[in-house]
Amino acid sequence: MSTEADVRELALALPETVEKPSYGTPGFRVKDRLFARMWDGEDDVLVVWTGGPEEQEGLVAADPGRFFTTPHYDGHPHVLVRLGAVDREELAGLLEDSWLLRAPKRMREAFEADAG
């Protein structure tokens, strides 16, 4: 089970991440590119980027208890994550994947080289 505090701690540990409100909720940005934000439709739900609509659909189909979408996000590269259904390790991976999708190319390459 993860919390908004876990989101904040893990997101801010990623390179050059800052917290800035987005649609009235905490948002996390790399080089001013939003990569995660708390969802305003329900408590303890996080919005993250995916590789595209196909990945979004795959996550939701594989485990609708953890991942879901709404008509607003259909066809977009986002998925909603129920924080109470993911552990801290999985949350860290989701945030890192989303960060990698949104970070500028040079930052991604440097991060991946360091991760080795």
### Message
Tell me the net charge near Asp74. Cut-off is 15 Å between Cβ atoms, Asp74 excluded, with +1 for each Lys or Arg and -1 for each Asp or Glu.
### Response
-3
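Please compute the length gained on full extension between Lys105 and Arg33, using 0.36 nm multiplied by the number of residues separating them and subtracting their Cα-Cα distance. Please report the intermediate quantities before stating the final value.
Working: separation 72, 0.36 × 72 = 25.92 nm, distance 1.25 nm.
Roughly 24.7 nm would be gained on extension.
Among Ser22, Ser98, which comes first, second and so on when ranked by fewest other beta-carbon atoms within 10 Å?
Values: Ser22 16, Ser98 27.
Result, fewest neighbours first: Ser22, Ser98.
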### Summary
For the chain, longest principal axis from Cα atoms; helix 105-115 axis from its Cα atoms; angle between them, nearest 10 degrees, is 90
### Query
Using the alpha-carbon atoms, what tilt in degrees (0 to 90, nearest 10) does helix 88-102 show relative to the longest principal axis of the chain?
70
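Let me know the Kirkwood hydrodynamic radius for the range 4-106, please, with Cα pairs as the basis and the value in Å to one decimal. All intermediate terms of the calculation are to be shown ahead of the outcome.
On the way: mean 1/r = 0.0743 Å⁻¹.
One over the average 1/r among Cα pairs gives 13.5 Å for the range 4-106.
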### Task
State, to one decimal in nm, how far the label point of Asp97 lies from the label point of His76, with both points 7 Å from Cα in the Cβ direction.
1.9
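Read-outs: derived from the displayed coordinates by stated rules, not from any lab. What you see is a predicted model; the values in this text were computed from it and never measured. Reconstructed Cβ throughout: ideal geometry from the backbone, glycine too, with neighbour counts over all protein chains shown.
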